[in-house]
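Please read the structure below before turning to the comments.
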Amino acid sequence: MNIIIAGGGKVGQTLARQLSAEGHDLTLIDRDNQVLEKTVDRYDAMVVAGNCASKEVLLSAGIADADLLIAATAMDEVNLLCCMTAHGLNKNLHTIARIRTPEYAEQIMTMRDVFPLSMTVNPELQAALEIERLLKFPGFLRRESFANDQTQIVELRIDSNSRLCNLPLSELGTVVKCRVLVCAVLRAGTAVTPTGNFVLKEGDRIFVTAPTANLAILLKSLGIGTKKVRNVLLCGGGRVSYYLARVLEDDKMTVRILEYNPARCTELAATLPQTTVILGDCSSQATLDSQGLEDMDAVVTLTGLDETNMVVSLYAGSRGVGQIITKLGRTENSRLADTMALGSTISPKELCCNSIVRYVRAMQNQTGAAVSVHTIADGQAEAVEFLVDETTKNCGKPLKDIKLRPNVLIAGISHGADSQVPGGGSVFQPGDTVIVVTSGRGILHTINDIFA
């Protein structure tokens, strides 16, 4: 497809990398010539310098022949004007805008007929909702939901005292006491698809597929505490903290936000009446201790600096905080983060890009397109959800008799309200949901792409 990306920041660059790798014709618009030079050096993309909301700039970028425009500049107003102008020049154009301001998000929902938007994305809101899910189910580093929340892929780290340490996967069922599937293992920074003979080692990060109903059994069998989170400290008062505090207030959790900017503290206090907003530097040990860090059930580090988030998370861990969640703005820090006790890590940029990539793949092939796409194992594998229909091959055939492409694993099948971790005798039928994990380079646009 012919795709134009407006804005070469973190989201724009991540999308350029992923969409160029998938073979799309890309054009990037940005005011900064250095950003454009970097894009040309790294990716197979055309570049145009200028204001992406300008009619002349959009025409020079080829908007008349484009299939999709993604407006991902740092300013919501520019993104909206860019999409409206582009749609006026090409009525068949699909448009996606990054909208981060809470007032605009609500306005667009109530006035959706006015704005020619195919989709909006809000990285900070997506991150807040993901963090809320982790706080509601402590014990996992990460959770990805499929099939209307009936099936999960959860991430766990193997410590030296874990019941899974030095355990062959063939013996997993005797320990966890429920049906689960280890669909990927991240060892020393490299993702592998394990077999039954694979032995788990200290330091491994494992990705486990399980029906949602089995998660509590899994944690209890592994001796992982599931103490309900009641007191939460948010370090940093940015947009993620605002969205997160708002949903945690609804969950009846006690929330504190630590923010160093007085004006921002006043703003947060006015909009979050049930949240305690504290003026202070979260990178200060004395400040953290004065806020009763040791008594917190969870600490979420949400400043704009990855380095600060990492240091504060490490300190919270040393003080015995039960659950720690760390926001990382730069995915290149994920390898470094893997060597540290940072708890769960959240990347708003990654969540946003996953949503956009799913939309792009659905545009390419409406029949059998992915319902959801989740990146796991530090971006080295994907978990993709498909809906089976009459065009799907191998319906009714046992999985043991189906030949799949290399590095493709069917990790879950949902029949209505019944979700299962499949075995060799499992089958899928039209109407079922199938979850596929792939670590290969090929892109799974439709479910039929998984078959050899």
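The values are calculated or read from the model by the stated rules, or taken from the named source; none is laboratory data. Source: prediction; values computed, not measured. Cβ sites come from the backbone with ideal geometry, for glycine too, and all protein chains shown count toward neighbours.
In the set VAL35, VAL57, VAL78, only one residue is out of contact with any Ser or Thr (no Cβ under 7 Å at 6 or more places or on another chain) and either more than 30 Å from ARG239 (Cα to Cα) or outside any helix (DSSP H, G or I) (or both); that residue is VAL57. Among the residues of the range 106-163, which ones are small (Gly, Ala, Ser), crowded, with 18+ Cβ neighbours inside 10 Å and either on the phi > 0 side of the Ramachandran plot or under 16 Å from the mean Cα position of the chain (by Cα) (or both)? ALA127, ALA128, GLY139, ALA147, listed by residue number. If you check LEU167, LEU129, LEU156 for being aliphatic (A, V, I, L, M), at pLDDT below 90, under 27 Å from GLY322 (Cβ atoms) and outside the structural domain of VAL240 (by TED's automatic domain parsing), only one passes: LEU156. A single member of ARG246, ARG239 is at pLDDT 85 or above, touching an Asp or Glu at 6+ places or on another chain (Cβ under 8 Å) and not β-branched (Val, Ile, Thr), and it is ARG239.
Here the helices (runs of 4 or more DSSP H) wholly within the range 210-276 that include at least 1 residues being farther than 22 Å from GLN152 by Cα and free of Cβ contacts under 8 Å to residues at least 40 places away in the same chain are 239-250, 262-271. Among the residues of the range 44-58, what is the count of those that are farther than 19 Å from ASN79 by Cα and surrounded by 18 or more Cβ atoms within 10 Å (Cβ to Cβ)? Looking only at that region, the number is 1. Residues in the range 60-87 that are loosely packed, with under 14 Cβ neighbours inside 10 Å and farther than 25 Å from ALA21 by Cβ: ALA64, GLU77. The selection criterion, being over 21 Å from VAL357 (Cα atoms) and either more than 17 Å from the chain's Cα centre (by Cα) or surrounded by fewer than 21 Cβ atoms within 10 Å (Cβ to Cβ) (or both), does not hold for GLY379.
So, of the residues in the range 231-275 that are loosely packed, with under 15 Cβ neighbours inside 10 Å and among the β-branched types (Val, Ile, Thr), which turns out to be farthest from THR308 (Cα to Cα)? Only one residue tops the list, namely THR271. So, ALA127, is that one in contact with a strand residue (DSSP E or B) (Cβ under 6 Å, 6 or more places away or on another chain), assigned to a helix (DSSP H, G or I) and farther than 18 Å from ALA66 by Cβ or not? Against the criterion (in contact with a strand residue (DSSP E or B) (Cβ under 6 Å, 6 or more places away or on another chain), assigned to a helix (DSSP H, G or I) and farther than 18 Å from ALA66 by Cβ), ALA127 qualifies.
In the range 101-126, the qualifying residues are those that are among the polar types (S, T, N, Q) and farther than 18 Å from CYS352 by Cα, and the one that is modelled with the highest pLDDT is GLN107.
Within the set ILE257, ILE217, the sole residue that is more than 22 Å from ILE346 (Cβ to Cβ) and aliphatic (A, V, I, L, M) turns out to be ILE217. What do you reckon, is ASN90 buried (at least 22 other Cβ atoms within 10 Å of the Cβ) and either modelled with pLDDT under 90 or of a type in the set (S, T, N, Q) (or both)? No.
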